[in-house]
Every structure is written in C-alpha cells, then in structure tokens.
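Report on the following structure.
The values are calculated or read from the model by the stated rules, or taken from the named source; none is laboratory data. Nothing here was measured: the structure is a model prediction, and the numbers come from that model. Counting neighbours? That spans all protein chains shown, and the Cβs are built from the backbone with ideal geometry, glycine included.
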Amino acid sequence: MKKCRHEDLIDDYLFNRLSTEKKEEFEEHFFNCPRCFEQIKEKNELISVIKDKGDSIFKDMRIEEESKNRTRNKIFGFLSPKPLISAALTAALVLIIIFGIIPNITNETPEFMMSDDAIRGSSITLISEAIPSEFRWEDLGNNIEYKVFIYNDELLWEKSTQNNTISLPEEIKTKMIPGKSYSWQVKAFSPEGTLISSSSKVQFTWRKNN
Amino acid sequence: MKNSYDLKKITSKYRPIVTFKVKKSIGSHTPEWEDIVNEIMLNTIEKIKSGEFKGESSVGTFIYTITRRRIVDYIRRKKRRAHKYIPESDPFPDPHEQIENKERAEMLAKKLEELKPKYKTILYLYYYKDLSRREVAQRLGISPRKVSERVHYAQKLLRNLIKK
C-alpha cells in the first residue's frame with residue numbers, strides 16, 4: 001500500500017494543531033482522498049476510546065510514570081515533589097482568589113504556577129477585563145527553557161523564553177476576540193532539551209471594556 | 001448540457017465525510033449537525049442537477065467548499081443570536097458521541113489494555129497525554145521518526161486484533 005504524503009498531518013489535524021490555512025488545505029485533501037479519510041476515521045475512533053477509557057486502559061502506566069518521576073526528581077533536585085505539591089496548591093488558591101473572589105479587577109495579570117502535578121486536560125476559566133498584558137508562571141530554576149502556547153481551537157501562537165513571564169505581541173492581541181475562550185499552556189525543557197514539566201491548559205476569556 | 005454524475009453514488013460516498021467534518025467543527029453534541037449535513041447534501045445535488053457545478057474542480061473539492069461555507073454561516077448566525085455563546089469545536093474527538101459502535105469501542109479498549117508495554121507506552125504518551133512527537137521521543141530516548149513508526153505499528157496491531 002502506498003503511503004499518502006498527507007498522512008502525517010492526520011494527528012495534528014485531529015488534535016487541532018494545524019493553522020487555519022493548513023487545516024483547510026488538509027480538509028480539502030481528505031474530501032478527495034478516500035485513503036486518508038479511512039485513516040482519519042480509524043485514528044479518530046482510537047483517540048476517542050483512549051480519551052474516554054484511558055483511565056482504566058493505562059492504569060498501570062500511571063504507576064510506572066510516578067516511579068519514573070521520582071527518579072527524575074532526584075536528578076532535578078530543584079523539582080522535589082513537596083514544593084511542587086505546595087506550588088500547585090498555592091496556584092489553585094491564587095487562581096481562586098484572583099479570579100473567583102475578586103473577578104472584576106481590571107488589568108489583573110493571571111498568575112499561573114505550573115508543576116508536574118498539574119493535571120492534563122483540566123481547565124480553569126479565567127476571566128479578564130482585557131487581554132492579560134503578561135503571563136507569568138513559577139520559575140523552575142536556572143537555564144530552563146519555557147515554551148508558551150496560546151490556543152484558540154488550534155495553536156494560535158507559541159514562543160520560547162528563558163524568563164518566567166511573557167507578553168503577547170500586538171499582532172496576536174488584535175486577532176483575539178472578546179468573549180471567545182482561549183487557553184494557554186507552558187512546557188519546561190532542560191538545557192539538554194528534555195521535557196521536564198508541562199502545565200495543564202488553562203482557559204481564559206476577556207471581556208471588552210466599554 | 002446534461003451531466004452524467006451518479007448522484008446516489010456521490011451521496012453515499014461523501015455523506016460520511018461531510019458528517020465527520022460538520023461534527024468536528026460544530027461539536028457532535030450540537031443537535032443541529034444532522035440537519036446541516038442534510039442541507040449540504042441536498043444543496044450539492046441541486047447544484048449538480050442544475051448544472052451550476054461544471055466540473056471545474058473535483059467533486060470532493062466542490063462538496064468541501066459547500067460544507068465549509070455552510071459551517072461558517074452556522075457559526076456566524078449562532079454568534080449573532082447569542083453574543084457570548086459561541087460553539088466551540090471539540091477539543092478532542094468527542095469521547096461519548098462519536099463512538100457510534102459501543103461494542104467496538106469496548107473491544108478496542110480491551111485490546112489496548114493487552115498491548116505490549118512498548119506500544120502501550122507510546123499510545124499513552126502520544127494520544128492520552130497529548131505530548132508532541134518530539135516530546136515523546138525525548139522521554140523515551142528514541143527519534144521522532146521512530147515514534148511515528150511505533151504509533152503506526154501499534155495501530156496495525158490493533159486493527160488485526162479487532163478483525164479476528
């Protein structure tokens with residue numbers, strides 16, 4: 001069976017990681033390519049089952065992961081589990097205070113701590129009066145490279161930085177629509193390029209001032 | 001000029017594709033998806049019958065254009081109706097609605113559980129934890145290409161296990 005050169009895009013398509021232009025190009029393609037469509041259906045089914053029943057399918061995986069994390073934490077001493085847990089709790093608390101109790105403060109910058117304990121896929125809705133001028137997360141140590149991602153339905157913007165804050169460029173801000181949900185995520189890499197930690201995707205929306 | 005498209009064939013071939021695209025764009029939990037698919041298929045047939053579609057593109061591209069426009073239109077109208085409520089496309093393939101065949105899903109889950117750790121790990125990191133190919137490669141100390149190959153092979157295994 002000959003491979004279609006578009007096949008590699010299927011995962012990115014299903015996970016909404018393609019730009020609008022690429023997405024439309026690929027959609028037009030699979031409307032014309034029965035082979036790709038068959039594969040999409042198959043993968044979509046597989047991913048659906050994995051997302052739906054993953055907890056039980058991978059129960060033994062998670063135990064293994066945890067023990068691996070422990071070894072990893074020994075190597076990256078600054079990432080010992082206790083501070084991480086407290087960081088996660090603090091993060092939750094900060095979020096609740098800032099966005100739950102006093103939601104109407106203007107120009108508040110969402111602070112978001114990240115840690116390995118952050119649960120993937122969970123989301124906290126932050127409502128901000130304006131587009132946050134700055135995104136901030138907990139610093140994990142020296143020489144860590146962070147990658148920040150902003151998503152709408154798909155990846156809108158990404159940028160690497162060594163700092164623990166980032167501001168959005170104007171051209172991205174103008175693309176963002178009030179009332180629509182966006183989410184952001186931070187991943188941390190060691191100097192060797194190994195992924196150390198990945199935050200969950202956190203949702204945010206902003207209201208227009210008028 | 002009369003054209004000689006087999007409308008029945010076109011409908012049966014493209015309806016599943018249109019259905020997939022519509023559900024993915026507006027969310028399969030949105031009850032209107034079926035009406036929208038029907039409209040798109042009817043519209044397609046009308047345009048072919050009336051000769052508006054002259055074959056300047058492939059039938060697939062033609063139907064894709066109609067589908068995309070209809071979805072844009074739906075989202076725009078919905079926005080106008082309720083300012084703040086905008087339908088969001090599914091973040092992932094919807095786990096509950098898109099599994100049409102429950103039994104098949106159960107079986108797939110069982111087979112997944114029985115996979116060798118080598119393949120299970122890759123599916124766990126790549127599809128369950130949503131890591132990118134590069135991240136999975138880094139975690140496992142293999143090349144990104146190897147990640148794709150392993151995912152591909154795991155799928156092939158599953159396909160064969162289910163056929164049996």
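Scan region B:40-61 and tell me whether some residue there is within 13 Å of chain A (Cβ to nearest Cβ) and at pLDDT below 90. No; the residues of region B:40-61 include none that is within 13 Å of chain A (Cβ to nearest Cβ) and at pLDDT below 90. Residues of region B:101-141 that are within 7 Å of chain A (Cβ to nearest Cβ) and over 27 Å from A:ALA188 (Cβ atoms): B:ALA105, B:LEU108, B:ALA109, B:LEU112, B:GLU113. The residues of region B:1-25 that are in contact with a helix residue (DSSP H, G or I) (Cβ under 6 Å, 6 or more places away or on another chain), more than 14 Å from B:GLY60 (Cα to Cα) and of a type in the set (A, V, I, L, M) amount to a single one, B:VAL22. Within region A:124-146, the set of residues being surrounded by fewer than 18 Cβ atoms within 10 Å (Cβ to Cβ), assigned to a strand (DSSP E or B) and either away from every other protein chain (no Cβ under 14 Å) or at pLDDT 75 or above (or both) comprises A:ARG136, A:GLU145.
Residues of region A:149-170 that are touching a strand residue (DSSP E or B) at 6+ places or on another chain (Cβ under 9 Å), over 19 Å from A:LEU18 (Cβ atoms) and not small (Gly, Ala, Ser): A:THR161, A:GLN162, A:ASN163, A:ASN164, A:THR165, A:ILE166, A:LEU168, A:PRO169. Cβ separations smaller than 8 Å between residues 6+ apart or across chains give the following pairs from region A:1-28 residues that are more than 10 Å from every other protein chain (Cβ to nearest Cβ) and more than 18 Å from B:GLU149 (Cα to Cα) to residues that are crowded, with 17+ Cβ neighbours inside 10 Å and of a type in the set (A, V, I, L, M): A:LEU18/A:LEU9; A:LYS22/A:LEU9; A:PHE26/A:LEU9; A:PHE26/A:LEU18.
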